[in-house]
1. With 14 Å as the cut-off, how large is the P(r) tail for the stretch 20-78, expressed as percent of Cα-Cα pairs?
2. Work out how much length residue 29 to residue 64 would gain on full extension: take 0.36 nm times their residue separation and subtract the Cα-Cα distance, in nm to one decimal.
3. Show me the ranking of peptides 24-31, 36-43, 63-70 by mean Cβ neighbours inside 10 Å, starting with the highest.
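Just so it is clear, none of the values below were taken in a lab; they were calculated from the coordinates. Everything quoted here is computed from the prediction, not taken from an experiment. Cβ placement follows ideal geometry from the backbone for every residue including glycine, while neighbour counts extend to all protein chains displayed.
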C-alpha cells in the first residue's frame, strides 16, 4: 500500500493514506483504518468510500470500549451526511 505514490482524493487533493478495505488489514491496524476512512470518506468513488468505512467501523467495534467509542465518534463525525442517517447508534 505505501510507496505506490499519492492517491487522489477529494478532487485533486493527493493523499498518501492507504485505502484500507480488507477487514483483516483494518483489524491489524485499527488506527490506520480509521484514518483511512476519514481521509477517503469524501471520495467520489462511493463504493470505495463505503468499503473503507465499513472495514474501519467493524474493526473499531472489536477493540476496548473506550477506544471503540472514540474511533466510532470520529468516524461518524467525519463521514458525509446522508439523507438516511439521522444520528449515530448508541
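1. Working: 741 of 1711 pairs.
For the stretch 20-78, the share of Cα pairs beyond 14 Å comes to 43 percent.
2. Working: separation 35, 0.36 × 35 = 12.60 nm, distance 1.38 nm.
That pair, residue 29 and residue 64, stretches by 11.2 nm at full extension.
3. Values: 24-31: 16.0, 36-43: 21.1, 63-70: 11.4.
Put in order of decreasing packing, that is 36-43, 24-31, 63-70.
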